[in-house]
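Each remark here refers to the structure printed beneath this line.
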Amino acid sequence: MFSFFKKKLIEQRKGKEVDYENSWIVAKFKDKEAFLKTFLKIIPDDSVWAVEGKFDHNLIDLLQKYRINDEQKVCKGTIWPKQQKMKVLINKESRKEFIEKLTFTNIEWNIIHQHFYKNNLFYLTSYDNLDEDCTRITNELTKSDIEILIKEGLIEID
């Protein structure tokens, strides 16, 4: 009986995420808010930001404006308790608004799990509120993009 439930939980969690064989582990964040806002500047237009967490009304209002229906199944970070999920399009308009309006509280408490991707390339997978060692960045980003994050002291990678 237990194996049935375990199998069901594993099936519910399944989905795409960053390719762990071709990614860097974030070993340290200096400033999660600055990191996320800088990362938003790096990823290409028409990328998708899949977020999972407990959203307050302000965050829902912000994300809802750019919500999309996307068939890509992403790996869930939490089965229980059930989290709110939303996928939003990253483009010139949304990027600007997210950078202006996302707060420390949104990043540290509301957004628990997140993925950034375009088509089948996942740029970032993060669990547990951008926790160090639970955040991976694809090595498919350009070297200069990664250097921006490192030179600005926002992250250290393994």
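The values are calculated or read from the model by the stated rules, or taken from the named source; none is laboratory data. Predicted model, so just to flag it, every value in this text is computed and none were measured. Glycine also receives a Cβ, built like all others from the backbone with ideal geometry; neighbour counts cover every protein chain displayed. Ligands, DNA and RNA are stripped out before the accessible areas are found, and what is left, the full protein with its side chains, is counted by its heavy atoms. Shrake-Rupley method; radii C 1.70, N 1.55, O 1.52, S 1.80 Å.
Below are the figures for this structure:
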{"read-out": "Options Lys96, Lys92, Lys101: the member that is over 16 Å from Phe55 (Cα atoms), among the charged types (D, E, K, R), loosely packed, with under 14 Cβ neighbours inside 10 Å and touching a residue at least 12 places away in the same chain (Cβ under 8 Å)", "value": "Lys92"}
{"read-out": "Odd one out for Lys143, checked against (1) loosely packed, with under 13 Cβ neighbours inside 10 Å; (2) more than 25 Å from Ile25 (Cβ to Cβ)", "value": "(2)"}
{"read-out": "Selection within the range 59-89 - part of a helix (DSSP H, G or I) and surrounded by fewer than 18 Cβ atoms within 10 Å (Cβ to Cβ)", "value": "Ile60, Asp61, Gln64"}
{"read-out": "Qualifying position, being part of a helix (DSSP H, G or I) and under 21 Å from Pro44 (Cβ atoms), among Arg136, Arg95", "value": "Arg95"}
{"read-out": "Hits in the range 26-71 (condition: over 14 Å from the mean Cα position of the chain (by Cα) and polar (S, T, N, Q))", "value": "Asn58, Gln64, Asn69"}
{"read-out": "Test: Asp128 is outside any strand (DSSP E or B), touching a Ser or Thr at 6+ places or on another chain (Cβ under 9 Å) and not β-branched (Val, Ile, Thr)", "value": "yes"}
{"read-out": "Criterion (open to solvent by less than 90 Å² (accessible area, probe 1.4 Å) and either of a type in the set (A, V, I, L, M, F, W, C) or at pLDDT 95 or above (or both)) met by exactly one of Asp56, Asp45", "value": "Asp45"}
{"read-out": "Qualifying positions in the range 104-128 - surrounded by fewer than 18 Cβ atoms within 10 Å (Cβ to Cβ) and not β-branched (Val, Ile, Thr)", "value": "Phe104, Glu108, Trp109, Lys118, Asn119, Asn120, Leu121, Asp128"}
